[in-house]
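Accompanying notes for the structure given below.
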Amino acid sequence: MFFKDLGLSAELLRAVEKQGYDKATPIQQQAIPLVLEGRDVLAGAQTGTGKTAGFTLPLLQQLQNRHKDGQKSFPKVLVLTPTRELAAQVHESVRDYGAYLPFRSAVIFGGVSINPQKQKLIKGVDIVVATPGRLLDHVQQRSIDLSRVEILVLDEADRMLDMGFIHDIRRVLKVIPKQRQTLLFSATFSNEIKQLASEFLVKPAEIQVTPENTATELVSQIVYPVDKKRKRELLSQQIGEENWQQVLIFTRTKHSANKLAEQLDNDGITSAAIHGNKSQGARTRALSDFKAGIVRALVATDIAARGIDIDKLPHVVNFELPNVPEDYIHRIGRTARAGQQGSAISLVCVDELKLLKDIERLLGKNIEKVYVPGYDVDPSIKAELIQNGSNRGGGRGNAGGGRGRSQGAGRTGGERSGTGRPGGAGRSSGAGARAAGGARTRSSSGNR
Ligand code: AMP
C-alpha cells in the first residue's frame, strides 16, 4: 500500500517523498488510518518496523486538520520516550515529516542545560518529544503547560517500565487532559504493559506487526563459541579480516564497554563507547561520529543503544550476551532495519550458555554455531557466575534505569556442548569462507 492511499495531506506526502519512501510498512498501513479516525491505539511493534512514521504522520495530519496556521502555539501533542537518543530521533522524524507544515516542536531531555529548553518552550511549541524525568522538571518549574494536550504517544512503553519510569508516567498523566487520544507502542506485551494500557487507553484498537518477541527474519544470526579471554582478539580479527567499517557492539556493563572501546582502539579500530555514565555531549558525539564513519566501532550498553537508528547498519556484535533475553531482540533489531539485510554475531563463552539457551527459547529456534579455526574452546574452563550489576543503575532520565531486572544467571556447567567443530557447520578455512555471509555452510538449526 502506498502512502498516497492513506489519506495524508499533500504537505505530508511531499515530506515522505523527500525521505525516499513510497510504500507504507505494515505498521504504517495499520496505524495511520486508526490514528486518523481518532482511535486510541495499542501497537505491538519493534523499532525498525517504521513505527515512528506510523504515529508521527497521522498525528501531524490531525494537527493540520484541527489547527490552522497563526494560532499561538501550545503543546497539543506529547510523545514520551525512554531514552534521550530515542527522543532525539523521534524529534528528527517530527521535523522531517512536518517540514512543510507550520507546527513547531521541541525535544526535552535531561543531561543538558534546562535553560535553552525553557526558551524554546516560551516561544511556543505544538509538539513536544520528551523523556519523562526532564519533562516533569519543566512541569514543576512551570515552564510547560500540558493542560491542552490532545494526543499522547507512549513510545517503547515496555522499556519505559523496565527503566522504572512508571511513577513519572503516572505523574505526567495527571497533568494532561483525560479527554485525549492515546497511542501506546511497545515491542513486547508484559502484564504490566497490558495493565498500563487498560488504565490509560480507551477502547484501543490493537495492532501487532511482528509476532510477539520474534527477531526480525532478515537478520542472519550466528554464535561464535569462544573463551572469554579471547573474545576481543576474535572480534578485532573479524572486523579486520572482513573489513567492517561500521559495527555496533554490545556489552553488559559500562565498564566493559569502556575497556573494549579502548582495546579496539589499540588494535587500530577507531572506537567509541556509549553508555549512561557518559555526558550527553559525549554520547551525541560518539553517535554522530559513528554515523559519519569517523568511528568504526561503537560499543554500547543496552540502555544507551535503545532506539539508536542508524541507516543501513550492517553489523551488530554481542560481545557479551544480555542478561535479559528480550534485550537480544532489541540489540539485533538495530540491524536489518526497514527491509535491509543485516548480520548479528554473538561471542559466547561458557559462562553464557544458559543465557544463550534462554535467548533461543525466546526465539523459538537455535542459533547457528560457527566454530572459528584457532579459537577452540578450552573444555577445562568452568563456567563462572555472571554478575548482574550491569548497566541498569542510575537515575531518572539518565538513560540508566531505576529498577534493575534480575535474572538467574546461574552456573552453566553441565550444559556445555562439545568443543569440536560439528561436521559441515564450521568455517571451512581462513577468511575466504567468511566473506559477507557467503559460502559458509549453515547447520540445519541455523536461522535465516
Ligand atoms: P522506526 O521503526 O520508526 O525506528 O524506523 C526504522 C527505519 O525505517 C527508519 O530509518 C525509517 O526512516 C525507515 N522507514 C520508515 N518508514 C519507511 C518506509 N515506508 N519505507 C522505508 N523505510 C522506512
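Bear in mind that the values in this text are calculations on the coordinates, not laboratory data. None of the values given here were measured: they were computed from a predicted structure. Virtual Cβ from ideal backbone geometry, glycine too; neighbours counted across all protein chains shown.
Using 0.36 nm times the number of residues separating residue 10 and residue 229, minus their current alpha carbon distance, what extension gain do you get? Can you show the working numbers first?
On the way: separation 219, 0.36 × 219 = 78.84 nm, distance 5.73 nm.
So the extension gain works out to 73.1 nm.
At a Förster radius of 35 Å, what calculated FRET efficiency corresponds to the Cβ-Cβ distance of residue 115 and residue 170, to the nearest 0.05? Mind dumping the intermediate values first?
Working: r = 27 Å, r/R0 = 0.78.
E(calc), rounded to 0.05, equals 0.80.
To the nearest 0.05, what FRET efficiency results for residue 265 and residue 66 with a Förster distance of 35 Å applied to their C-beta separation? Each step should come with its number before you reach the end.
Working: r = 52 Å, r/R0 = 1.49.
Efficiency, from the Cβ-Cβ distance: 0.10.
With a bin width of 10 angstrom, please list the P(r) values of the stretch 1-97 as percents of all Cα-Cα pairs, from the 0 bin to the one holding the largest distance.
14, 50, 32, 3
Starting from 0.36 nm per residue, how many nanometres of slack lie between residue 145 and residue 294 once their C-alpha separation is accounted for?
Working: separation 149, 0.36 × 149 = 53.64 nm, distance 4.08 nm.
Computed gain between residue 145 and residue 294 is 49.6 nm.
Ranking request for peptides 160-168, 42-50: highest mean number of other beta-carbon atoms within 10 Å first, then the rest in descending order.
Numbers: 160-168: 21.7, 42-50: 23.6.
Packing proxy ranking, top to bottom: 42-50, 160-168.
Please say if the stretch 116-252 is rounded, prolate or oblate, where rounded means a/c under 1.5 for a ≥ b ≥ c the square roots of the C-alpha gyration tensor eigenvalues, and otherwise the choice is prolate for a/b larger than b/c and oblate otherwise?
Working: a/c = 2.82, a/b = 1.81, b/c = 1.55.
Prolate is the answer for the stretch 116-252, as a/c is 1.5 or above and a/b outweighs b/c.
How many angstrom lie between the Cα centre of the stretch 1-68 and the Cα centre of the stretch 265-303?
Here the two parts' Cα centres lie 32 Å apart.
Would you calculate the convex hull of the Cα atoms in the stretch 233-382 and tell me its volume per residue in Å³? Working shown, then result.
Details: hull volume 18.1 nm³, N = 150.
Dividing the Cα hull volume of the stretch 233-382 by its residues yields 121 Å³.
For a protection proxy built on the mean count of beta-carbon atoms within 10 angstrom, sort 9-18, 140-149 highest first, please.
Taking the mean over residues of other Cβ atoms within 10 Å, the ranking is 9-18, 140-149.
Determine the principal axes of the Cα atoms in the stretch 3-208, then give the extent along each, sorted from largest to smallest and rounded to whole angstroms.
Cα extents, longest axis first: 43, 43, 29 Å.
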